[in-house]
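J.: Quick one: this structure, given as C-alpha coordinates, is what I'll be asking you about.
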Amino acid sequence: MELIKINSNAIEVTWPYVKDLIQKPIDRTLVERNIDDIYYSLIHKQLTLWVAVDKEDGIIGVLITQILFHPQYKVLALPLVGSKPHTINKWLDYSLQKDSPLLKYAKENNCKRIEGYIRSGWLKFLKKYGFKKYNTVVTKEVEYND
(Lines give C-alpha, C1' and ligand atoms only; values in the text may rest on other atoms or scores of the structure.)
Protein backbone atom coordinates (compact mmCIF):
# COMPACT_ATOMS: atom_id res chain seq x y z
CA MET A 1 0.00 0.00 0.00
CA GLU A 2 1.21 3.48 -0.84
CA LEU A 3 -0.18 6.97 -0.41
CA ILE A 4 1.26 9.16 -3.13
CA LYS A 5 1.11 12.96 -3.32
CA ILE A 6 0.55 13.96 -6.93
CA ASN A 7 2.40 17.10 -7.96
CA SER A 8 0.47 19.69 -9.96
CA ASN A 9 2.49 18.98 -13.11
CA ALA A 10 1.24 15.34 -13.05
CA ILE A 11 -2.46 16.07 -12.55
CA GLU A 12 -3.27 15.95 -16.27
CA VAL A 13 -1.81 12.45 -16.60
CA THR A 14 -3.35 11.17 -13.36
CA TRP A 15 -6.78 12.73 -13.82
CA PRO A 16 -8.44 10.01 -15.97
CA TYR A 17 -7.65 7.42 -13.27
CA VAL A 18 -9.07 9.41 -10.33
CA LYS A 19 -11.85 11.58 -11.76
CA ASP A 20 -14.65 9.11 -10.96
CA LEU A 21 -13.41 8.59 -7.39
CA ILE A 22 -13.42 12.38 -6.89
CA GLN A 23 -16.85 12.79 -8.47
CA LYS A 24 -18.53 10.51 -5.88
CA PRO A 25 -17.94 12.76 -2.86
CA ILE A 26 -18.72 15.85 -4.95
CA ASP A 27 -22.14 14.33 -5.70
CA ARG A 28 -22.82 14.21 -1.94
CA THR A 29 -22.05 17.89 -1.34
CA LEU A 30 -23.98 21.07 -1.99
CA VAL A 31 -21.98 21.37 -5.22
CA GLU A 32 -20.00 24.40 -4.13
CA ARG A 33 -17.33 22.92 -6.40
CA ASN A 34 -17.77 20.79 -9.48
CA ILE A 35 -15.28 18.38 -10.99
CA ASP A 36 -13.84 21.05 -13.29
CA ASP A 37 -13.27 23.36 -10.31
CA ILE A 38 -11.34 20.61 -8.55
CA TYR A 39 -9.18 19.98 -11.62
CA TYR A 40 -8.42 23.70 -11.97
CA SER A 41 -7.57 24.02 -8.27
CA LEU A 42 -5.26 21.00 -8.44
CA ILE A 43 -3.26 22.19 -11.45
CA HIS A 44 -2.98 25.67 -9.89
CA LYS A 45 -1.74 24.28 -6.54
CA GLN A 46 -4.76 25.46 -4.54
CA LEU A 47 -5.57 21.86 -3.66
CA THR A 48 -3.40 18.76 -3.45
CA LEU A 49 -4.27 15.30 -4.76
CA TRP A 50 -3.23 12.12 -2.96
CA VAL A 51 -3.86 8.64 -4.30
CA ALA A 52 -3.98 5.41 -2.32
CA VAL A 53 -2.48 2.66 -4.44
CA ASP A 54 -2.72 -1.04 -3.72
CA LYS A 55 -0.33 -3.42 -5.52
CA GLU A 56 -3.17 -5.73 -6.54
CA ASP A 57 -6.02 -3.29 -7.17
CA GLY A 58 -4.30 -0.12 -8.36
CA ILE A 59 -5.78 3.21 -7.25
CA ILE A 60 -8.40 2.48 -4.61
CA GLY A 61 -8.75 5.83 -2.87
CA VAL A 62 -8.21 9.56 -3.28
CA LEU A 63 -7.75 12.42 -0.86
CA ILE A 64 -7.98 16.08 -1.77
CA THR A 65 -6.21 18.30 0.75
CA GLN A 66 -6.08 22.03 1.29
CA ILE A 67 -4.13 24.03 3.82
CA LEU A 68 -6.36 26.50 5.62
CA PHE A 69 -4.80 29.53 7.25
CA HIS A 70 -6.44 30.67 10.47
CA PRO A 71 -5.11 33.63 12.52
CA GLN A 72 -3.67 31.32 15.22
CA TYR A 73 -2.76 28.17 13.28
CA LYS A 74 -2.99 26.19 10.04
CA VAL A 75 -5.21 23.18 9.34
CA LEU A 76 -4.78 20.44 6.78
CA ALA A 77 -8.33 20.11 5.48
CA LEU A 78 -9.66 17.06 3.67
CA PRO A 79 -12.58 18.52 1.73
CA LEU A 80 -13.01 15.47 -0.52
CA VAL A 81 -12.23 11.81 0.13
CA GLY A 82 -13.24 9.09 -2.29
CA SER A 83 -12.81 5.35 -2.26
CA LYS A 84 -13.63 2.32 -4.35
CA PRO A 85 -16.38 0.31 -2.61
CA HIS A 86 -15.25 -1.74 0.40
CA THR A 87 -11.60 -0.62 0.23
CA ILE A 88 -11.43 1.97 3.00
CA ASN A 89 -9.90 -0.52 5.46
CA LYS A 90 -7.09 -1.21 2.99
CA TRP A 91 -5.84 2.37 2.80
CA LEU A 92 -7.17 4.40 5.74
CA ASP A 93 -4.87 2.75 8.30
CA TYR A 94 -1.84 3.42 6.15
CA SER A 95 -2.87 7.00 5.38
CA LEU A 96 -3.29 7.98 9.02
CA GLN A 97 -0.47 6.12 10.76
CA LYS A 98 2.08 8.32 12.55
CA ASP A 99 4.71 8.23 9.80
CA SER A 100 2.37 8.36 6.81
CA PRO A 101 3.10 10.76 3.97
CA LEU A 102 -0.11 12.65 4.81
CA LEU A 103 0.86 13.30 8.43
CA LYS A 104 4.41 14.15 7.41
CA TYR A 105 2.98 16.69 4.95
CA ALA A 106 0.82 18.21 7.70
CA LYS A 107 3.88 18.52 9.97
CA GLU A 108 6.09 19.96 7.20
CA ASN A 109 3.47 22.65 6.68
CA ASN A 110 3.12 23.36 10.42
CA CYS A 111 -0.54 22.35 10.54
CA LYS A 112 -2.00 22.11 14.02
CA ARG A 113 -4.72 19.66 13.05
CA ILE A 114 -6.31 17.67 10.28
CA GLU A 115 -9.92 18.48 9.55
CA GLY A 116 -12.36 16.48 7.46
CA TYR A 117 -15.88 16.97 6.25
CA ILE A 118 -17.48 13.58 6.37
CA ARG A 119 -20.76 11.78 6.21
CA SER A 120 -21.74 10.24 9.54
CA GLY A 121 -20.86 6.75 8.29
CA TRP A 122 -17.16 7.68 8.10
CA LEU A 123 -17.00 8.47 11.82
CA LYS A 124 -16.96 4.76 12.73
CA PHE A 125 -13.73 4.36 10.73
CA LEU A 126 -12.09 7.55 12.00
CA LYS A 127 -12.69 7.34 15.78
CA LYS A 128 -9.76 4.98 16.29
CA TYR A 129 -7.42 7.65 14.87
CA GLY A 130 -8.55 10.22 17.39
CA PHE A 131 -11.04 12.03 15.17
CA LYS A 132 -14.20 13.19 16.92
CA LYS A 133 -17.36 14.86 15.78
CA TYR A 134 -16.82 18.59 16.14
CA ASN A 135 -19.90 20.05 14.54
CA THR A 136 -22.57 19.47 12.00
CA VAL A 137 -22.88 21.86 9.12
CA VAL A 138 -26.37 22.88 8.10
CA THR A 139 -27.29 25.38 5.43
CA LYS A 140 -30.26 27.32 4.12
CA GLU A 141 -30.42 29.00 0.77
CA VAL A 142 -30.97 32.77 0.73
CA GLU A 143 -34.21 33.56 -1.02
CA TYR A 144 -34.38 36.69 -3.12
CA ASN A 145 -37.66 38.33 -3.93
CA ASP A 146 -37.80 39.71 -7.42
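The values are calculated or read from the model by the stated rules, or taken from the named source; none is laboratory data. Owing to the predicted nature of the structure, the values given are computational and were not obtained by experimental measurement. Here the Cβ is made from the backbone with ideal geometry for all residues, glycine too, and neighbour counts use every protein chain on show.
J.: Could you please find all residues in the range 114-132 being exposed (fewer than 13 other Cβ atoms within 10 Å of the Cβ) and under 15 Å from the mean Cα position of the chain (by Cα)?
T.: Arg119
J.: Another question about this same structure. Considering only residues that are among the charged types (D, E, K, R) and within 18 Å of Ser8 (Cα to Cα), which ones fall in the range 18-73? Full working, then the answer.
T.: Here is the first cut: in the range 18-73, the residues among the charged types (D, E, K, R) are 19-20, 24, 27-28, 32-33, 36-37, 45, 54-57.
Residues satisfying the conditions are Lys19, Asp36, Asp37, Lys45.
J.: Look at Val51 and say whether it is within 24 Å of Ser120 (Cα to Cα) and either at pLDDT below 95 or touching a Cys at 6+ places or on another chain (Cβ under 7 Å) (or both). Give the derivation first.
T.: Values: within 24 Å of Ser120 (Cα to Cα): yes; either at pLDDT below 95 or touching a Cys at 6+ places or on another chain (Cβ under 7 Å) (or both): no.
So Val51 does not fit the description; no.
J.: Another question about this same structure. Can you say whether Lys74 is closer than 24 Å to Lys132 by Cβ, among the basic types (Lys, Arg) and touching a Lys or Arg at 6+ places or on another chain (Cβ under 9 Å), as far as the supplied structure shows?
T.: Working: closer than 24 Å to Lys132 by Cβ: yes; among the basic types (Lys, Arg): yes; touching a Lys or Arg at 6+ places or on another chain (Cβ under 9 Å): yes.
Yes; evaluated as a whole, the condition is true for this residue.
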